[in-house]
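The values are calculated or read from the model by the stated rules, or taken from the named source; none is laboratory data. In this text, all values refer to a predicted model and were calculated from it rather than measured experimentally. Cβ placement follows ideal geometry from the backbone for every residue including glycine, while neighbour counts extend to all protein chains displayed. The area values use the complete protein model at the heavy-atom level, side chains included, leaving out ligands, DNA and RNA. Shrake-Rupley method; radii C 1.70, N 1.55, O 1.52, S 1.80 Å.
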Amino acid sequence: MSTTAQTIITNARVLTMDPAHPRAEAVAIADGRILALGSGAGMAALGGPRTEVIDAGGATVLPGFVESHMHLLPGGAELDHLNLLGVSGAQALGAALGAFAAARPDQPLICAQQADYAIMGDRAATRGDLDAILPDRPLLLVAADHHTAWANTAALRAAGILGGRALDPGNDIVMAPDGQAAGELREFQAFGPVLALAGEERVHLGLVDGSEPDPAPGPSGRAHDRRHLARGLAHCARHGITSIVNMDGNRYQLELLAELRAEGALTARVRVPFHLRGERPLAVLEQASAMARDFDDDWLASGFVKMFMDGVIDSGTAVRSDDYPDQPGWRGDALFSAEYFAAACAEADRRGLQIAVHAIGCGAVARTLDGYAAARAANGPRDARHRVEHIELMRRDDIARMVDLGVVASVQPCHVPGALDFPAFPTLDMLGRDRWRDGFLTGTLARAGVPVAFASDWPVADVCPLRCLKAALTRRPFAKDCADERLDLMAALAAYTTGGAYAEHTEGWKGRLAPGFAADIVVLSRDIEATAPEAIDTLSVVRTIAGGRTVWAG
Ligand SMILES: [Zn+2]
C-alpha cells in the first residue's frame, strides 16, 4: 500500500463512527483505502505533488451509507415510470396520467408508482375509475409498498386475467360481483402478468420468485437491463450510498453487475441474495451456495437467502397473531408453513448462509424467529446474524428472543406511518388502536440490545438516507401509550453505517473511517450536528467516494 495520499479531504468535521477515534479534521486516502485520519496539517504531510485535495468547507464527512434493504433493478427501471406520490383524487390522477400517457404513445403499458391506497380521496381505485381516465390503453397503478396494484380493463384483458385466475395462497385477483376482476391485484403473482406487458418482465424476476430469465436474453436484452441497473446506481451515488444490500435477486443480476464492473461503472458495492419462494425442494439451496462461492469479494457478493413470510398491513396480507380490526377471524396467510420454513432455515444455516426474511406482522415475525431457533437447534449456535426485514408489528416477548438469537432488525424509518411520505391512515386503522404501541418499534429494539440496520426499501420509499434519518429523528409516538421510538443522531447514523456493515458481516473493513478500511466516504453540504433534526433533509450530499474513487460530485 502506498504511503502517499492520492486524495486528502481536509477542513472537515469527520464523524468516523469509530469509537476509538470518533472525530478527525482530515482524511487521507490511498489505493482505495483509508490511509490515515487526523489534523489538517498532519494529513497534508502525507500528500505528494499529484495528491487531489478536497476542501470540505467545515461540513460533515461520514462513512458511505450502507443501504441495508433495497431493490436496485426495479428501482432503476421505475425511475422511468410516472411517480404518483402526493397525487390524490380523480381529477389530479387523470391530469397526471393523461399527460404521461400522451407523451408515450407507443408504450404497451402505462405504469405509475407510489399510488396511495386511498388515491380516489377516500378509497382505492377500481377498474371503472381507471377506465374513465384511460379507456383504451393498458394502465397499472402500483402501491408504494409494491404489494398491491390496480389495473384498468385494457390491462386485465391484455394480461389474460380479466376473468380471474387461481393463484398461490397470499396472492389474489380481487373479483367484482359481476364475475370479472375488480381491478385490485394483491401480491406479485396477481399483477405480474400485467407488468409483463411493459416488456420489463426480467426486472421483476428477482422479486417474484428469484428465477433466471427464460429464455436467457441476448446482448441487446442484457444491455437494456444493465441500463436500468446503471440508472439505479447513479441515483444511489447521488444520495451517498456506497453499499447496497439488495433484497431481490437471482444470478442474472449478479452477472449484469459484473458486466458493469468490467466497464468501470459499478459505483457501489452490491450484495444480492438467492430468493427462496414457494415451498421448493430444499436442494435448490445449492444454487444459493453456488452464488455465494462465485460472488464473494469487496464489490459483488451474495451469501444470503431472502424469503417473504407475509405481505403488508395496508392490504391485510401481513400475518398477525390477532385478528385484523373489523375483520373477525382474518389474520393473514403465511407464505411458508412453519414446518417447511424451519427446515429451510436449518438447511440454509447449515450451508453457512445468512437468512433475511420479510416479516411485517407479529405472526410473521414470530414464525421467522421460530425458524431461526430451529436452525440454531439443528446446527448449534454460530455468528449467523440472521435478519428480520421490516418488523412493523411485533409481540413484546419476541424482543428478548431476537436478542437471544442474535437477530438483526432491518427497519425502514421512512415507512413509519406519518413520519415522512406515508400517511398515518389507513395504516394505523389496519394496525388497530390497541396495537399501536407494538407498531414500528425502533428505539425499543435498540434499547433492548437488538442490532439495528436502516434502509429505505427503495423503490418502495425514497432512497434518500438524509430524509430517512430525518424520519428516524423526528417521528412522534402514535399516541400517549406508545414509547418514544426515535434514535439520537449518532445512533441513527450508526444504523446507516456501522450497523449496516455489521448486518452484512463486513464491519471489519467498512462502515467506519479508520486506517485500512474501505475509502467509502460521503461529504455533506454542511455540519449535520449543527442542523436541527427537522432540517436534516435540507442538507445534501456534495460528494460520494466509493473505493477511493469519486462516483458523484454535485
Ligand atoms: Zn423490500
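Across region 70-108, what is the number of residues that are part of a helix (DSSP H, G or I) and under 21 Å from residue 128 (Cα atoms)? The number of residues fulfilling the criteria is 13.
When region 425-447 is filtered for residues that are open to solvent by less than 30 Å² (accessible area, probe 1.4 Å) and closer than 21 Å to residue 121 by Cα, the ones remaining, listed by number, are 427, 428, 431. Put simply, of 483, 453, 424 the only residue that is more than 22 Å from residue 388 (Cα to Cα) and touching a Gly at 6+ places or on another chain (Cβ under 9 Å) is 424. For residue 429, the criteria (1) among the acidic types (Asp, Glu); (2) closer than 21 Å to residue 246 by Cβ; (3) part of a helix (DSSP H, G or I) hold in every case but one, which is (2).
Strands (runs of 3 or more DSSP E) fully within region 178-290 that include at least 1 residues being more than 16 Å from the ligand (Cβ to nearest atom) and within 30 Å of residue 541 (Cβ to Cβ): 241-246, 269-271. Reported count of residues in region 109-158, each being open to solvent by 10 Å² or more (accessible area, probe 1.4 Å), among the hydrophobic types (A, V, I, L, M, F, W, C), outside any loop (DSSP other than H, G, I, E, B) and out of contact with any helix residue (DSSP H, G or I) (no Cβ under 6 Å at 6 or more places or on another chain), is 2.
Every condition in (1) in a loop (DSSP other than H, G, I, E, B); (2) crowded, with 24+ Cβ neighbours inside 10 Å; (3) more than 16 Å from the ligand (Cβ to nearest atom) is met by residue 312 except one, and the failing one is (3).
Per-residue answers, yes or no, for (1) closer than 19 Å to residue 520 by Cβ; (2) within 16 Å of the ligand (Cβ to nearest atom); (3) in contact with a Cys (Cβ under 6 Å, 6 or more places away or on another chain); (4) open to solvent by 10 Å² or more (accessible area, probe 1.4 Å):
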| site | (1), (2), (3), (4) |
| --- | --- |
| 9 | yes, no, no, no |
| 32 | yes, no, no, yes |
| 36 | yes, no, no, yes |
| 49 | no, no, no, yes |
| 60 | yes, no, no, no |
| 63 | yes, no, no, no |
| 68 | yes, yes, no, no |
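Considering region 385-397, the residues that are more than 15 Å from the ligand (Cβ to nearest atom) and in contact with a helix residue (DSSP H, G or I) (Cβ under 6 Å, 6 or more places away or on another chain) include one that is farthest from residue 247 (Cα to Cα), namely 395. Confirm whether residue 247 is free of Cβ contacts under 8 Å to residues at least 24 places away in the same chain and either buried (at least 22 other Cβ atoms within 10 Å of the Cβ) or in contact with a strand residue (DSSP E or B) (Cβ under 8 Å, 6 or more places away or on another chain) (or both). In short, no. Only a single item in (1) assigned to a strand (DSSP E or B); (2) among the charged types (D, E, K, R); (3) in contact with a helix residue (DSSP H, G or I) (Cβ under 7 Å, 6 or more places away or on another chain) is not met by residue 370, and it is number (1).
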